[in-house]
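The values are calculated or read from the model by the stated rules, or taken from the named source; none is laboratory data. Computed from a predicted model, the values in this text were never measured in an experiment. Using ideal geometry, Cβ is built from the backbone for each residue, glycine included, and neighbour counts are taken over all protein chains shown.
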Amino acid sequence: MKHKLIRNTAIFSVLYLLNIQALQAQESKTLTLKEAVDMTVANSKALKNNKIKIVEATAAITEANERRLPDAGISGAALFLPVNPGLNMKTGGNSNSGNMPRVSEAIYGIASVSLPLYTAGKLKYGIESAKYLEQAVELDADNDRSLVILNSINACINLYKAHQAITLMKENLEQAQQRVKDLSNLEKNGLLARNDLLKAELQTSNTELALLDAESNYKISCVNMNLMMGLPEQTVLVPDRSGLALPTSVKTLEEYEQDALQGRKDVSALSFRKKAATLGIKNAKANYYPNIALTGGYIAADIPKLLTITNAVNIGVGVKYDLASLWKTKTKIQQAQFKVQQLQLNEEMLGDNIRLQVNQAYQSYLVSQKKIEVYEKAVTQATENYRITKNKYDNSLATTTELLDADVALLQTKLSVTNAKADSFLAYNKLLQIAGLLNN
């Protein structure tokens, strides 16, 4: 078994040296939290897509405004008349009398212009609705931005935890390897049972395996962070913990609830959509009224051997009323009202969900703070336990197993307190995101 452990140690050493050489050959970058967030926001495809949606919503406003402009059109046709049409000239003569020329073709052209004068508010409602929807899309983009920021912070936290795990594992591995050397000397001199040496070697091998896992997690965290920021995948990131300080004070639960209900972008976006839907009711009711427009046009026609028309310019006022609106508009109004009612219910449900989310996030943050206190106390206890156990072991009052158990317990508590602080920082930013404050 001893030879097997020695062989495993040799294999690990070779792999470790290869990993070090590979890391040195790769480009490295010290990464602060602010840099990570800024680069992730700039590189986010979701946010780029939101910019396109905003441009599309702005174009919808322009389109709604353009409906106020005149409509103009030109049409014309060249016609062949296979049957001689019946013509009756009021000034005398008709096609049946035989004194009218045979008509077999006709050409005409019409140019028309129409400027809306009265549409019962449809143009106004359309423009206002488009503006409300544009504001809703912009708020959706802000809400998505806060999610992107939170995802970036989460990725940074994972990177930091993986990096800290490697640091602690390396320190522990150095101590374990030195312990094996010391115990080997004792075993050679007959002062230590071989079984105790094997236990120490086994713990060293376990630490080596744990370090390999930690390095693998670190590499995956780097790749994930690089993809989010738009950097080459193999860039080695060294997290800067300066931006990961925990807050010195927090607001009350009630204050965070009010911030969320008043400042959340999705709440405001839903409110603007409800306003647009309310205008939809007014727009539907406008179908009960006629449309009035100022009209103008020009007509030219040529019927060979019979008639030529030029300079036939006309101008006037046109009225259009759809009689079917008398029995169809009521349904449209009801549909618009149902949409407003749905949005109202969605608004109420969102408010309930926000209250629940804020409570959950607030409690998670408080629990994370308590965990830090417990783990810091545990580190103090584990450190003292290891010191006492080491002192007893040096004086032959404790076994090798007790010493190794004390060492493992100390390492676990150090990892736990590091992870607890990182998780608390993430929990606080999650609370800010839910309260609508993370963009600030």
Among residues of the stretch 296-342 being surrounded by 15 or more Cβ atoms within 10 Å (Cβ to Cβ) and of a type in the set (K, R), the residue modelled with the lowest pLDDT is K332
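Please verify whether L426 is of a type outside the set (S, T, Y), touching a residue at least 60 places away in the same chain (Cβ under 8 Å), within 29 Å of Q177 (Cα to Cα) and assigned to a helix (DSSP H, G or I), treating the condition exactly as stated. Before you say what the answer is, go through the steps one by one.
Working: of a type outside the set (S, T, Y): yes; touching a residue at least 60 places away in the same chain (Cβ under 8 Å): yes; within 29 Å of Q177 (Cα to Cα): no; assigned to a helix (DSSP H, G or I): yes.
Taking the combined requirement at face value, the residue does not satisfy it.
Return the only residue of A277, A293, A269 being in a helix (DSSP H, G or I) and in contact with a Lys or Arg (Cβ under 9 Å, 6 or more places away or on another chain).
Numbers: A293 fails: in a helix (DSSP H, G or I); A269 fails: in contact with a Lys or Arg (Cβ under 9 Å, 6 or more places away or on another chain).
Criteria check complete, one pass: A277.
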Practice problem: Determine if the stretch 381-397 includes at least one residue that is at pLDDT below 95, surrounded by fewer than 17 Cβ atoms within 10 Å (Cβ to Cβ), of a type outside the set (S, T, N, Q) and not in a helix (DSSP H, G or I). | Solution: yes
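Scan the stretch 45-59 and tell me whether some residue there is at pLDDT 90 or above, surrounded by 13 or more Cβ atoms within 10 Å (Cβ to Cβ) and of a type in the set (G, A, S). Steps first, please.
If we filter the stretch 45-59 for residues that are at pLDDT 90 or above, which is where we start, we get 45-59.
Retained after the next criterion (residues that are surrounded by 13 or more Cβ atoms within 10 Å (Cβ to Cβ)): 47, 50, 53-54, 57-58.
In the following step, the residues that additionally are of a type in the set (G, A, S) were identified as 57.
For the stretch 45-59, residues at pLDDT 90 or above, surrounded by 13 or more Cβ atoms within 10 Å (Cβ to Cβ) and of a type in the set (G, A, S): present.
So that you can scan it fast, the table gives a plain yes or no per residue for (1) modelled with pLDDT under 90; (2) part of a helix (DSSP H, G or I):
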| position | (1), (2) |
| --- | --- |
| S75 | no, no |
| P82 | yes, no |
| G86 | yes, no |
| A120 | yes, no |
| E134 | no, yes |
| C156 | no, yes |
| H163 | no, yes |
| K170 | no, yes |
Per the list (1) surrounded by fewer than 16 Cβ atoms within 10 Å (Cβ to Cβ); (2) not in a helix (DSSP H, G or I), residue check on L192 breaks on (1)
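Give the residue that is surrounded by the fewest Cβ atoms within 10 Å (Cβ to Cβ), with candidates limited to residues of the stretch 144-156 that are of a type in the set (A, V, I, L, M, F, W, C) and out of contact with any strand residue (DSSP E or B) (no Cβ under 9 Å at 6 or more places or on another chain).
Step one: list which residues in the stretch 144-156 are of a type in the set (A, V, I, L, M, F, W, C), which gives 147-150, 153, 155-156.
Checking the rest, the ones that are also out of contact with any strand residue (DSSP E or B) (no Cβ under 9 Å at 6 or more places or on another chain) come to 147-150, 153, 155.
Working: L147: 14, V148: 20, I149: 21, L150: 18, I153: 24, A155: 21.
This residue is L147.
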Residue pairs qualifying under the 8 Å Cβ cut-off, at least six apart or on distinct chains, with the first in the stretch 67-89 being surrounded by 11 or more Cβ atoms within 10 Å (Cβ to Cβ) and among the small types (G, A, S) and the second being at pLDDT 85 or above and in a strand (DSSP E or B), are A72/A111; A72/S112; A72/V113; A72/S114; G76/I107; G76/Y108; G76/G109; G76/I110
Only one of L191, L202, L183 is free of Cβ contacts under 8 Å to residues at least 12 places away in the same chain, more than 43 Å from the chain's Cα centre (by Cα) and closer than 26 Å to N395 by Cβ, namely L191
Subset of the stretch 200-209, residues surrounded by fewer than 17 Cβ atoms within 10 Å (Cβ to Cβ) and of a type outside the set (S, T, N, Q), comes to L202, L209
L432 meets each of (1) without any contact (Cβ under 8 Å) to a residue 60 or more places away in the chain; (2) in a loop (DSSP other than H, G, I, E, B); (3) surrounded by 15 or more Cβ atoms within 10 Å (Cβ to Cβ); (4) among the hydrophobic types (A, V, I, L, M, F, W, C) with one exception, condition (2)
Of the residues in the stretch 235-265, those that are over 26 Å from D423 (Cα atoms) and buried (at least 18 other Cβ atoms within 10 Å of the Cβ) number 0
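Results for (1) among the β-branched types (V, I, T); (2) touching a residue at least 40 places away in the same chain (Cβ under 8 Å); (3) over 24 Å from A42 (Cβ atoms), shown as yes or no for each residue.
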position: V223; (1), (2), (3): yes, no, no
position: P239; (1), (2), (3): no, yes, no
position: L253; (1), (2), (3): no, yes, yes
position: V267; (1), (2), (3): yes, yes, yes
position: K274; (1), (2), (3): no, yes, yes
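Every residue, every condition in (1) in contact with a Ser or Thr (Cβ under 7 Å, 6 or more places away or on another chain); (2) within 30 Å of S184 (Cα to Cα), yes or no:
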site	(1), (2)
Q334	no, no
F338	no, no
L343	no, no
I354	no, no
S368	yes, no
Y386	no, yes
A398	yes, yes
K414	no, yes
K421	no, no
